[in-house]
Amino acid sequence: MRILITNDDGIRADGLVALANAVRPFGEVKIVAPDRERSACGHSMTMRDPLRVKEVAFHGLEAYEVSGVPVDCVNVGLTLAYPDGCDLVLSGFNHGPNLGFDVTYSGTAAGAMEGVVNGIRSIACSMAIFADGAPFHFETGARWLNENFEWLTSLDLPDRTFLNINVPAIAFPEVSGHRFVAMGRRVYEDRVEARKDPWGRTYYWQGGVVVMKPDDPTSDVWAVSNGMVSITPVSIDWTDHATLAKLEEMQTVARNS
Ligand code: MN
């Protein structure tokens, strides 16, 4: 199996090493990752600037750092590392959760999205810590992925769907299995904070306090809050098909009246 790995925390991130080591036994692994942290870049791509690519040493694996975001990395990877295509795109392990609406901001998810755009099976992997400074427990994510890799990569999925996986950042024996769940609610309060620079000018910093809503047992937020690995199939077809059907019906009724 030809595996392309990217992330949004940059080529020097510990989560990237953990992910590469977890899947090494299953085939050829090549790394193409941003030259610095690009978290929360979403599914953006670099169009107005050149992409500088440099081959780098990476634990004995072929690896490149790119002056871009995860989307750029996947596309550079498919040009340079795997010009004949590959079988799997993995993105992660993200240094933090990608639950609920986070998926729309996530550079980690975007790496997997771009894999799917290219018609390749793709998985985004994140370590869900819930307190600043808590250990990421990458060894838990790596072991879980290693043990579950074969069935995960042979699931029958629609061609526009990738898997978004969040592993709770706890010791491996404490993980109580996995659960297939939907995107839940994880919202930010006090999003934009006003601060002063050394010259007394006001500037703003976006971040905020995360509020988890782990009340819905069909959600990723609930699963991870209860020590389970969450697996969410995410479609890059953002059409709301149920609403589309209603609107079409409305149109037909209007036309016939
Ligand atoms: Mn990140």
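The values are calculated or read from the model by the stated rules, or taken from the named source; none is laboratory data. All figures in this text were calculated on a predicted structure; none of them were measured in a lab. Here Cβ is always computed from backbone atoms with ideal geometry, including for glycine, and neighbour counts include all displayed protein chains. SASA here: full protein model, heavy atoms, side chains in, ligands and nucleic acids out. Shrake-Rupley method; radii C 1.70, N 1.55, O 1.52, S 1.80 Å.
Taking chymotrypsin sites (Phe, Trp or Tyr not before Pro) across the stretch 128-210, the ones in a DSSP loop with at most 15 further Cβ atoms lying within 10 angstrom of their Cβ are Phe130, Trp199. In the chain, Cα pairs under 8 Å separated by at least six residues give a relative contact order of 17 percent. Hey, any idea what % of the chain's accessible area is carbon plus sulfur with a 1.4 Å probe? Percent of accessible area from carbon and sulfur atoms in the chain: 52. Think of the stretch 31-102 as a dipole: +1 on every Lys or Arg Cβ, -1 on every Asp or Glu Cβ, centred on the Cα centre; then among Gly85, Leu99, Thr46, Thr46 lies furthest on the positive end.
Largest GNM mean-square fluctuation across Arg12, Arg179, Arg191, computed for the chain with C-alpha springs under 10 Å, falls on Arg191. The dipole here belongs to the stretch 144-257: it is taken about the Cα centre, uses +1 on the Cβ of Lys and Arg and -1 on the Cβ of Asp and Glu, and is about 540 debye. Annotation: the chain has a Kirkwood hydrodynamic radius of 19.2 angstrom, from the mean reciprocal C-alpha pair distance.
Please enumerate, by chain and number, the aspartates and glutamates with C-alpha under 14 Å from the C-alpha of Lys54, excluding those fewer than 8 residues away in the same chain. The qualifying aspartates and glutamates are Asp35, Glu62, Glu65, Asp72.
Hey, what's the stretch 78-207 come to in accessible area per residue, 1.4 Å probe, Å²? Walk me through the numbers before you get to the answer.
Working: 6520 Å² over 130 residues.
Spelled out: the 1.4 Å probe surface of the stretch 78-207, per residue, equals 50 Å².
Return the single residue from Glu55, Glu65, Glu139 with maximal mean-square fluctuation; model: Gaussian network over the chain, springs between Cα atoms under 10 Å. Maximum fluctuation in the GNM of the chain, among the listed residues, is at Glu55.
Taking Val66, Val187, Val210 in turn, the Gaussian network model of the chain (Cα-Cα springs below 10 Å) assigns the largest fluctuation to Val210. Residue separation of Tyr188 and Arg201 scaled by 0.36 nm, minus their Cα-Cα distance, works out to 2.1 nm of gained length.
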